[in-house]
Amino acid sequence: MYKKISLSLAALSCAVSLQAFGLGDAASALSAVQSTTQTTKAAPATTKDQSSGLMGMLTSQLGVTDKQAAGGVGSILNYAKGELPSNDYSTLAGAIPNSSSLLAMAPQASSSLGALGAMGGSSAGGMAALASQFSSLGLSSSMITQFVPVILNYFKGTNATGAAGILSGLF
């Protein structure tokens, strides 16, 4: 409500400073401000907004930086790309806005696969590479198991149940 009043006063102030006007002019200015405000509120979410939604969830819930969030999701996508049939990977990647950009933000896996024995999963080598990528981001390998539920919650919020099932099957 205060925002509308502020915008209305700003429009009114501009109109007054430019020239004298009648009550009809003031009503027109107010109407224009209100329609702009309503248009802004009704605008659908863009892909960038959705991607920042996932990144926002990761940064706020896990206390990671934007770079760590993006690199972590990219690393998980990189792991999934190596483990999944191409149609399943496409479903998973399609549920994450800007997935190809995030995939490019994944750091290179270290040649040292010391985490190999500590990690389980369908592909020990792939999980070791994933742990190495997380390490390159300044994250422990235990953060992988913290990223996955946040991504699954994001999928739940976007009704990406197919992608959620695929990701759950990997971890």
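Filter the stretch 142-167 down to residues that are over 20 Å from Thr59 (Cβ atoms), in contact (Cβ under 8 Å) with a residue 40 or more places away in the chain and among the β-branched types (Val, Ile, Thr), then give me how many there are.
The number of residues fulfilling the criteria is 1.
Restrict the check to the stretch 96-118 and report whether at least one residue is at pLDDT 95 or above, in contact with a Phe, Trp or Tyr (Cβ under 7 Å, 6 or more places away or on another chain) and in the same structural domain as Thr59 (by TED's automatic domain parsing).
Checking the stretch 96-118: not a single residue is at pLDDT 95 or above, in contact with a Phe, Trp or Tyr (Cβ under 7 Å, 6 or more places away or on another chain) and in the same structural domain as Thr59 (by TED's automatic domain parsing).
Among (1) out of contact with any Lys or Arg (no Cβ under 8 Å at 6 or more places or on another chain); (2) surrounded by 13 or more Cβ atoms within 10 Å (Cβ to Cβ); (3) modelled with pLDDT under 95; (4) in a loop (DSSP other than H, G, I, E, B), where does Ser28 come up short?
Single failed check for Ser28: (4).
The values are calculated or read from the model by the stated rules, or taken from the named source; none is laboratory data. Model, not experiment: these values are computed from the prediction. Every residue, glycine as well, gets a Cβ built from its backbone with ideal geometry; the counts of neighbours run over all protein chains shown.
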